[in-house]
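Here's the structure, in structure tokens; my notes come after.
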Amino acid sequence: VKNDTRNWIPYYEQFPSTGEAYLPVSEVLKRVIRDLTRAYTLVEPFDTYRSVDGSEDHYLWMQPNYRFYANTGYGLAPKDPFYAYRGYRMNMAAITALLARVYSYAGENALAAVEAQKIVDMVYDVWETKFFDFTTAGDVAGDYKMCKDLIFALSDVNLIKNYETYASSSTMKFVMGWDYSSLYDSESDYRKTVLLSKDGYYYKPRRYTTPSGSGSSETLDILPVIRLSEMYYILAENYAEQGDYTNATAMLEAVRKGRNCGANMLEGLITDHE
């Protein structure tokens, strides 16, 4: 933003390649946007379209039950496991969300908002059931990774094993400490009531421990990367840039409602600072 006249990093477009020219940030972003736009057209058919013979319902593969769980209900899971677990792959929604993030990084808030709105509005059936919605307070007790609003994740099969050493250590207590009040302004926020465990005077995060409940063991390897909440933040930023603080606040309130926070606690906090 401050000095884009310098060349910072290369963008590799040839294979094999022993070196590429260093480019300014603006040029790198142009190429990232170009490639993400192209990637979307290549991936979309596998995530949204019904196959020609009607034998596989691709548009269902991005549901949470198929996106992160080994759900084979109704015989609609992909027959080829390569297309299963779309949440762990750079699926078409992940590409869209990443494009929103890149536009936002580039300062193109209006374009970022267009992509973010696509994620918020994305549905998979005639009843307009959304691909992504906030995980409810009831569901999060069995799903600490909050998969319902998770768009894209990486996987580490040793994640819990690696974490247990620290989770059982007294050192881990100091990650949260005893004063967590500054993190949560609502007593009903399930990130406080469910995703923290009390250990004496201290609180520890449960995110990388084993929950109880259906499907919980299938999400232990998840490393969240992109969530639905980020799309709402991008929309809020665009509204605020336009001076529409009512809708900007509404976007933040949507996230808070999704996390079971108290309502109407943001009134008067977002104002026109021009």
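The values are calculated or read from the model by the stated rules, or taken from the named source; none is laboratory data. On a predicted model such as this, the values are computed, not experimentally measured, just so you know. Don't worry about glycine lacking a Cβ; one is built from the backbone with ideal geometry, like all the others, and counts go over all protein chains shown. Side chains are part of the model used for accessible areas, which takes the heavy atoms of the whole protein and leaves out ligands, DNA and RNA. Shrake-Rupley method; radii C 1.70, N 1.55, O 1.52, S 1.80 Å.
In table form, for the structure just shown:
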quantity	calculated
Scope the range 120-137; condition out of contact with any Phe, Trp or Tyr (no Cβ under 9 Å at 6 or more places or on another chain), open to solvent by 30 Å² or more (accessible area, probe 1.4 Å) and farther than 21 Å from D244 by Cβ; matching residues	V126, W127, E128, T129, D133
Flag if V157 is aliphatic (A, V, I, L, M), open to solvent by 60 Å² or more (accessible area, probe 1.4 Å) and modelled with pLDDT under 75	no
Every residue from the range 103-119 that is assigned to a helix (DSSP H, G or I), over 19 Å from D133 (Cα atoms) and open to solvent by 20 Å² or more (accessible area, probe 1.4 Å)	Y103, S104, Y105, A110, L111
Candidate set: the range 211-245, residues that are modelled with pLDDT of 75 or more and in a loop (DSSP other than H, G, I, E, B); chosen: the one most open to solvent (accessible area, probe 1.4 Å)	Q242
Selection within the range 94-108 - in contact with an Asp or Glu (Cβ under 7 Å, 6 or more places away or on another chain) and over 16 Å from R34 (Cα atoms)	none
